[in-house]
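Below you'll find the structure, written out as structure tokens, and then a few comments.
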Amino acid sequence: MSALRVGTRGSALAMAQARQVADSLGRASGLDVELVTVTTSGDTATGSLSRLGGTGVFTGALREALLREEIDVAVHSLKDLPTAPHADIALAAVPRRADARDALCARDARTLDALPEGARVGTGSPRRIAQLLAVRPDLDVVDIRGNIDTRLGRVLDDPDRTDDATPPREAPARGREERRLDAVVLAAAGLDRLDRADAASQRFELSDWPTAPGQGALAIEARRQRDASPAGRALAEALAALDHATTRAEVAAERAVLAGLEAGCAAPLGATALIEDGLLFVTATVYAPDGAARLTSSHAASIDGRGRSALLEAAEDASQRVVDELLDGGPAALAPLGGAPR
């Protein structure tokens, strides 16, 4: 291993996240580090994210590069990672989570309540659509894609900004007006990592506005068959040092709810886990797509013992009780889920 190769998508946010991980791994291992960009199917597809075929659209190509030994580790946004374990790839580290909340970025720094009637709010997330309509059914919620700067550009800067090389001023005037939005909803962690925190006019509290399982956390994957050389051992030690036990347990609980309900990226589901006072709390909410109804469950489990295994056992206990209660409530009647009422 002449240099540690860190695989990442090529978006500005993905590169910022990967650089953060690369710097940490380089310091901990003493190895030289280089970033390797990989294009995923989610980067090239043009359709709505909720219709692209489920989880994995942003991770599959990185995993393939890992298995072909073109990279040594892959960095993902953890919320993009499929919940099913991979036979040949391990979730080697979950660094300390950043802000897990969603943020509203609105014209004139307005809050959600202060948006004008019929305001146009952009998001590509079925969960966020349901949450917005639950609070403000009058809103015109627009399905959007694009990187953070592109989405913010439709609100705060030039509504003609695009991700491609087409000169924006060539678009018809009506098309430019249709691109204009009053607000967008984005992950707070992404704004923070790109130094765009000032664009947020409101950060929604998780108690009222649960977010995607794993939001705000990063996932570092590596091959299960590890390199036994001194460099390989240095990498393994660096990954272990970067892994944050509390974050791993919290996101494990949230993702267990996602897996237990057999919910994909098209499901309007929010989940939040928190460790406090020797307890691991898990709350999850399934929304009707139009926000008109919801089903919520919340449970806690005692952390009996010390260490990662005790944390993960509590995560499994609490999340399973949340899943059981939600399934008993018939969530498939509200939203597209694989799990059926029992």
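Looking only at region 122-143, which residues are in contact with a Leu (Cβ under 6 Å, 6 or more places away or on another chain), among the hydrophobic types (A, V, I, L, M, F, W, C) and farther than 22 Å from THR272 by Cβ? Residues satisfying the conditions are LEU139, VAL141. Within region 92-111, being farther than 22 Å from GLN131 by Cβ and crowded, with 19+ Cβ neighbours inside 10 Å holds for ALA92, ALA93, VAL94, PRO95. Looking only at region 294-342, residues that are among the aliphatic types (A, V, I, L, M) and loosely packed, with under 14 Cβ neighbours inside 10 Å come to 2 in all. Answer with yes or no whether SER319 is polar (S, T, N, Q), free of Cβ contacts under 8 Å to residues at least 12 places away in the same chain and closer than 21 Å to PRO85 by Cα. It is false that SER319 is polar (S, T, N, Q), free of Cβ contacts under 8 Å to residues at least 12 places away in the same chain and closer than 21 Å to PRO85 by Cα. Identify, from the list SER50, SER2, SER24, the residue that is hydroxyl-bearing (Ser, Thr, Tyr) and modelled with pLDDT of 95 or more. Exactly one of SER50, SER2, SER24 is hydroxyl-bearing (Ser, Thr, Tyr) and modelled with pLDDT of 95 or more, namely SER24.
Pick out the one residue from ARG224, ARG203, ARG196 that is in contact with a strand residue (DSSP E or B) (Cβ under 8 Å, 6 or more places away or on another chain), surrounded by fewer than 24 Cβ atoms within 10 Å (Cβ to Cβ) and at pLDDT 95 or above. It would help to see each step written out before you state the result.
Numbers: ARG224 fails: at pLDDT 95 or above; ARG196 fails: in contact with a strand residue (DSSP E or B) (Cβ under 8 Å, 6 or more places away or on another chain).
Just a single option satisfies the conditions, and that option is ARG203.
For region 212-228, the candidate set comprises residues that are in a loop (DSSP other than H, G, I, E, B) and farther than 17 Å from ALA249 by Cβ; within that set, the residue that is farthest from the chain's Cα centre (by Cα) is ALA228.
Kindly indicate the residue of region 236-255 that is within 15 Å of the chain's Cα centre (by Cα) and of a type in the set (Gly, Ala, Ser) and also surrounded by the most Cβ atoms within 10 Å (Cβ to Cβ) among those meeting that condition. Full working, then the answer.
Quick first cut of region 236-255, residues within 15 Å of the chain's Cα centre (by Cα) only: 247-248, 250-255.
Still in the running and of a type in the set (Gly, Ala, Ser): 252-253.
Values: ALA252: 22, ALA253: 32.
My answer is ALA253.
Applying the criterion of being among the hydrophobic types (A, V, I, L, M, F, W, C) and surrounded by fewer than 16 Cβ atoms within 10 Å (Cβ to Cβ) to the residues of region 78-89, the residue that is modelled with the lowest pLDDT is ALA84.
Test of understanding: among THR55, THR8, which residue is at pLDDT below 60, buried (at least 19 other Cβ atoms within 10 Å of the Cβ), in the same structural domain as ARG226 (by TED's automatic domain parsing) and not basic (Lys, Arg)? The unique qualifying residue is THR55. Look at (1) of a type outside the set (Ser, Thr, Tyr); (2) under 13 Å from GLN202 (Cβ atoms); (3) out of contact with any strand residue (DSSP E or B) (no Cβ under 8 Å at 6 or more places or on another chain) and you find that GLU117 fails only one, number (2).
The values are calculated or read from the model by the stated rules, or taken from the named source; none is laboratory data. Only a predicted model underlies this, so the values are computations on that prediction, with no experimental measurement involved. Heads up, the Cβs are rebuilt from the backbone with ideal geometry, glycines too, and the neighbour counts pull from every protein chain shown.
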